[in-house]
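What follows is one structure encoded as structure tokens, with my remarks underneath.
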Amino acid sequence: MTDQVTFESLGLSEDILAGLTKKGFVEPTPVQAQTIPLLLSGEKDIIGQAQTGTGKTAAFGLPILERITPGLRKVQAIVVVPTRELASQVAAELESLKAKRDIRILPVYGGQGMDIQLRQLRSGVDIVVATPGRAIDHLNRKTLKLSAVQFVVLDEADEMLQMGFIEDIEEILSHCQEDRRMLLFSATMPSPIKKLAEKFMGDYDIVKVKSQHESAENVEQVYYSVYDRDKLRALRRLIDIEPEFYALVFCRTRAGSDRLAEKLNGAGFDVEALHGDVSQAQRERILAKFKKGHANILIATDVAARGIDINDLTHVINFDLPDSSEQYVHRIGRTGRAGKTGKAISFVAPKDRHKIRQIQRLTKAPIEKATFPHGDQILELKKKATVARVVDSIEEEIPQEFYDLAEELLASGTPKQMLAAILRMQFGNKLKLTSYPEIIDPDVRGHGGGGGRSSYRGSGSSERSGRRRSDRRRSSSRPDREGDRQRFKQKFSKRGSEESAGKPDRPRRKFSKKKANVKAFA
């Protein structure tokens with residue numbers, strides 16, 4: 001995109017331009033500069049490859065708002081998205097872009113009252129933003145009619161295919177007229193997306209925004225080699241040593257997200273979890289809390305994180321590595337935005353070594369391996385950070401009530417005692433070296449995915465204690481072999497003598513050490 005491209009030069013109307021100026025939009029993003037003219041003047045379908053945060057909603061939303069008929073009260077455009085959060089977000093964005101035009105926009109998704117949706121659909125809407133499942137519900141009820149649709153937008157198409165919505169999408173498309181225009185936006189372009197385009201799209205233009213490496217330019221990327229069982233300890237260690245931590249943490253599963261959030265909350269951190277099982281009301285509450293900074297860690301699955309746009313994230317943590325390099329790039333692009341720097345940190349378990357190598361190879365990104373500092377280094381960092389915060393606080397104006405409380409405290413003991421007591425209340429055991437045991441690096445230990453029973457000791461003590469436990473198990477669970485042999489010999493000899501005395505004509509059986517031992521230790 002050149003500097004000469006402006007919203008005015010793209011052919012938008014005056015009222016829409018005024019609304020953009022009011023929103024603070026200065027110049028179009030690359031995806032907007034390419035897509036808007038094609039939709040306004042062309043007649044072809046469009047495939048757009050662009051990630052979240054590139055301005056996709058305005059790219060397809062502005063031309064649609066320009067071309068549909070205000071006040072018609074028939075569904076002229078339907079935008080299909082994978083999640084409830086994204087449906088709500090896209091609908092809100094379109095509302096803010098429509099200026100004063102008489103265009104009704106309705107988000108339609110599960111978890112929202114069906115009665116409200118039915119009432120609004122009956123009164124007439126012009127644009128519907130829907131999740132696939134709820135759109136199918138309304139089609140089956142015949143409360144959603146798509147015969148007048150001019151535009152069909154599939155947003156985050158790769159995610160919808162991954163979630164298994166392909167049949168729902170096909171069903172939705174079958175209710176639309178054949179001459180509708182179709183816009184397919186996707187962060188990645190796997191083969192199922194191409195097959196979908198071949199099946200349902202006519203001639204199409206391709207819009208591709210080279211955002212993979214641009215999104216990571218301001219992001220420092222590192223990874224830690226760590227056993228699965230040590231990931232929680234590793235994350236807590238990072239929170240302790242990073243100067244700022246306003247982070248999005250990615251987990252593979254819903255259950256894993258909940259479990260991690262529960263453990264971190266139990267450790268005193270402000271954490272929220274977001275995934276597909278969270279109701280829409282909860283999602284909105286969680287995101288509002290996180291955006292306001294009332295929680296500084298948001299744990300999410302890939303699906304739940306779609307559509308979340310937060311510019312001030314300091315970190316993206318891959319608690320579980322994604323399955324593809326494109327997902328990795330999509331994740332880490334959420335930090336380092338708007339000219340700010342960010343940090344992307346990945347935990348790599350032994351079973352995932354091939355994934356990080358593949359990500360490095362395909363993204364050509366410098367993902368450096370990092371090591372956790374030792375306990376004494378962490379303590380030193382915490383002490384320095386505490387002193388710095390206190391010194392900075394002294395330079396600010398301190399209200400009188402704090403001086404009054406300080407005098408009252410100092411009357412109860414020496415200044416050193418009072419300050420030490422306050423610090424102990426603040427840190428608890430966090431200033432003890434034992435609070436930061438070693439996190440074992442699987443690459444250094446040379447073990448496989450399991451590696452030893454405990455990761456919370458030094459490697460030497462772990463191996464020694466393991467041998468001691470093994471020795472104890474042997475001594476407590478196995479009898480002495482030689483003593484057993486003697487007892488069995490005596491028992492057999494005695495029984496044999498008795499049998500011989502009672503039945504002299506019966507031949508004596510041979511004693512088999514092997515069989516006796518097998519029975520004894522079976």
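The values are calculated or read from the model by the stated rules, or taken from the named source; none is laboratory data. Note that this is a predicted model, so its numbers are computed, not measured. All Cβ positions, even for glycine, are placed from backbone atoms using ideal geometry, and neighbour counts span all protein chains on display.
Things to note:
- Residue within the range 283-297 that is within 24 Å of Val348 (Cβ to Cβ) and surrounded by 19 or more Cβ atoms within 10 Å (Cβ to Cβ) present: yes
- Subset of the range 357-393 [in contact (Cβ under 8 Å) with a residue 24 or more places away in the chain, within 14 Å of Phe427 (Cβ to Cβ) and β-branched (Val, Ile, Thr)]: Ile378, Thr386
- Candidate set: the range 144-173, residues that are of a type in the set (Gly, Ala, Ser) and under 34 Å from the mean Cα position of the chain (by Cα); chosen: the one nearest to Thr188 (Cα to Cα): Ala157
- Candidates in the range 237-275 are the residues that are among the charged types (D, E, K, R) and surrounded by fewer than 17 Cβ atoms within 10 Å (Cβ to Cβ); of these, the one that is modelled with the lowest pLDDT is Glu242.
- Of the helices (runs of 4 or more DSSP H) that lie entirely inside the range 361-447, those containing 3 or more residues that are hydrophobic (A, V, I, L, M, F, W, C) and exposed (fewer than 13 other Cβ atoms within 10 Å of the Cβ) span 375-395, 415-427.
- From the options Asp205, Asp179, residue that is within 19 Å of Thr35 (Cβ to Cβ) and either at pLDDT 90 or above or not hydroxyl-bearing (Ser, Thr, Tyr) (or both): Asp205
Yes or no, residue by residue, for (1) at pLDDT below 90; (2) under 30 Å from Gly164 (Cβ atoms); (3) surrounded by fewer than 18 Cβ atoms within 10 Å (Cβ to Cβ):
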site: Asp15; (1), (2), (3): no, no, yes
site: Lys22; (1), (2), (3): yes, no, yes
site: Ile64; (1), (2), (3): no, yes, no
site: Ser88; (1), (2), (3): yes, yes, no
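- Test: Ile317 is under 28 Å from the mean Cα position of the chain (by Cα), in a strand (DSSP E or B) and either crowded, with 19+ Cβ neighbours inside 10 Å or not assigned by TED's automatic domain parsing to the domain that holds Gln221 (or both): yes
- When residues of the range 4-37 are limited to those that are of a type in the set (S, T, N, Q) and assigned to a helix (DSSP H, G or I), the one nearest to Thr54 (Cα to Cα): Gln32
- Scan of the range 24-43 for residues that are surrounded by fewer than 15 Cβ atoms within 10 Å (Cβ to Cβ) and touching a residue at least 40 places away in the same chain (Cβ under 8 Å), ordered by number: Gly42, Glu43
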